[in-house]
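Before any comments, here is the structure.
Nothing in this text is a laboratory measurement; each read-out follows from the coordinates by a stated rule. Everything numeric in this text was worked out from a predicted model, so none of it was measured. Because the Cβ atoms are built from the backbone with ideal geometry, glycine has one as well, and the counts that use them run over all protein chains shown.
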Amino acid sequence: MTADLRNRLLLLLVAPLCVLAMIGAWLDYRSADEAAGRHDQRLMRLLPALADSILSPAMTEDGQPLLLLAPPVEEFLRQNAGFSGFSVQDLTGRVLLGDDWLGSAVPTTAVPEFHSVEHDQIIYRVAVQRGRTSAGELVVALADGSDARQQWGRQLLLRVLLPNLALIAAAALAIHWAVRRAFKPLVELTGAVEHRSPRDLSPIDESASPAEVRPLVDALNRLFALVNAQAESQRRFVADAAHQLRTPLAGLQAQVEAWALAAQSAGEAGEPGRGGQSQSRSNQPLALDAAGRGAISLGASELQKLRQATRRTSKLAHQLLALSRADARSLDAQPPQSVDLKALCESLLEAFLDAATAKGIDLGLETEPAATAGHGWLLREMLSNLVDNAIRYTPAGGSVTLRSGMRGGHAFLQVEDDGPGVPDAERQRVMQRFYRLPGSVGEGTGLGLAIADEIAHVHRASLTLAAGAAGQGLLVTVRFQAGTQTA
């Protein structure tokens, strides 16, 4: 946009200069034409004097006309020595006196005629007239090589084109420099908006912009404010909804867990009666309510489904809340702190060790000292989602490894598993919210990787997916920017 505007301004400023140069060339030609007109008048006035300078052939021994130049003609030839000439011809075109190269066709009338002749790389303006002389009817001619119009034609390149082209080129450079300087604030404004993070909706400083573009800056600031208000409203809604869901879901999950324990206890307490029959007449487990009042008879499969549903719903509410917090503007106001990535990996190992052991998964740790500037609780949520995903989708007997360290001046975190992995074509889509791979087994909401990617962006880090060792499984790498790590 700015480049096109610069080009248009440059064209609009240079085009008039070109027109002015053409007008200047035309005026120069008109000036040369007027000077040439004066030269023609001078040559025409000298032709009668040249004709009067011819004496009768009777006055010479060989019968040829004798020439006695009149003072005006002699003065003209003397002043323009080397750039002038004359000739006297008879009616057959034969040159009797003067310069042979001035021979030309004999005029049919007594009216003076003008034409141009090039001789010795000089263009001459020639005036020719047929008339009566002392030696009879002859043709006289005068040539002037200092004709301004003829010289203008030869010196067009040196006197007009080159100076004007040089002037236009210099003006174009000066205009380009001036326009570039004038548009520098606009270019800086464009770059600031272009490289701004999608999460950064803070207003643009109007005082740093030229007065001509301040209405545009003001309009952008109003748009940023409207978008920010709408996004903030959506974030508050998600956070409030997730927060409100957590309390009843936690109670429901506790209730279901209590029912499950009560049912299990009741099933174990049943004693065989006579004939090897149990004393309980119902083949369904007995579950007490949370207050111990009454009893609820539920099937084992129904109870298990209810238990899984409450866990899944509770986890979804927790993930929605985490996603809302990761996208909150309040993070900008919270100063980042030093986060020990090695200690973070060790704490996550302890947190997920029981879940991994219960599934028969080898949860390992390969860490080196590394730290970064950020929000510890968010980085813990990110790594927790990555480890939970790895354990969830790795089959029994597999392995999951947590890593931290420094590489090329960048701090990094890694979670690697030897599970089914993610195909190359799906690695971008699995970052989307609520997207799960077709045919995925087990429970899941499709938010784990989306939350991890959101938190990585908040910390200006990159989250990439790749195949694990030997092309099997999934390797998730979070690479922090250089300079964000702390000692």
Rounded to the nearest 20 debye, dipole of segment 336-479 from Cβ charges on Lys, Arg, Asp, Glu: 420
Neighbour net charge for V106 - beta-carbon separation under 12 angstrom, K R +1, D E -1: -1
Antiparallel bridges, percent of DSSP beta bridges restricted to segment 336-479 (to nearest 5): 80
Per-selection Rg to Rh, segment 336-479 - Cα, Kirkwood hydrodynamic radius: 0.94
Ranked I168, I451, criterion: other C-beta atoms within 10 Å, fewest first: I168, I451
Note, ³J(HN,Hα) from phi for segment 75-90, Karplus 6.51, -1.76, 1.60, rounded to Hz, x at Gly and Pro: 5, 4, 5, 6, 5, 10, 4, x, 10, 8, x, 8, 7, 10, 10, 8
